[in-house]
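Derivation of every value follows stated rules applied to the coordinates shown; laboratory data play no part. Predicted model only: the values in this text are computed from it and were never measured. Cβ: placed from backbone, ideal geometry, glycine included. Neighbour counts: every protein chain shown.
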């Protein structure tokens, strides 16, 4: 009797399980040590069978990252439906980003921490088309943050230098909080890390709210446009 063809939903479920397993392996062993053969063994599949779902580890890398951005974007959009004003939208944007990083540490680590191949590394390769889809997913998140920040500034909020730089500064702060928590470094210096993260994020949101329509602070921020480019803090970067 011929084998019945799998339903699309069944195929997607298997692909999702493969991604989840790959995430766990990359988080523990690093992307460089991931191989299709190891992954197949962990999934209790034959090496030949796993290639029916993903062609190579680069496709896995791209799809894992793309799926992570889709989850993050959808979570933010859903939370925005509950927002009554721009202040709440900004608050939800911050809360959802931190919540995603803490509840999906494997995704977050791959998307924002690990030195895995990125979109630019796939340009001119057979993976470029798929990598473009992942890049588009990441840009949907950035553009959503950009639009929210711009609308907040237009409603009386404060932008530091410009909208894009404000997002980068915001991301840098939140990334630090998430990474401290996920790496468990916070546990070494704080007996209640979860409570501390909640307090830090709530305090940060409250500061942003209190900056709105604050003219003295706005003038100070404007002055940074002339000061920051001329400062030499002697930062060094790898060549």
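Taking label points 7 Å from Cα along the Cα-to-Cβ direction, residue 88 and residue 187 give a separation of 3.6 nm. Normalising the average separation of contacting C-alpha pairs (under 8 angstrom, six or more residues apart) by the number of residues puts the relative contact order of region 1-54 at 26 percent. Per-residue packing, averaged as other Cβ atoms within 10 Å, sorts the ranges 18-26, 50-58, 195-203 into the order 18-26, 50-58, 195-203, beginning with the highest.
Among 62-69, 124-131, how do they line up by average Cβ neighbours within 10 Å per residue, starting with the highest? Please report the intermediate quantities before stating the final value.
Values: 62-69: 22.1, 124-131: 14.6.
Taking the mean over residues of other Cβ atoms within 10 Å, the ranking is 62-69, 124-131.
Given R0 = 22 Å, the distance between the Cβ atoms of residue 55 and residue 143 translates into a calculated FRET efficiency of 0.15.
Highest average first, the peptides 174-184, 111-121 ordered by how many other beta carbon atoms sit within 10 Å of their residues are 174-184, 111-121. Distance distribution note for region 1-54: the fraction of Cα pairs above 12 angstrom is 66%. Short to long, the 5 Å bins of the Cα pair-distance histogram for region 57-225 hold 1, 8, 15, 18, 18, 15, 12, 8, 3, 1, 0 percent of all pairs. Convex hull volume of the C-alpha atoms in region 1-150, normalised per residue: 134 Å³.
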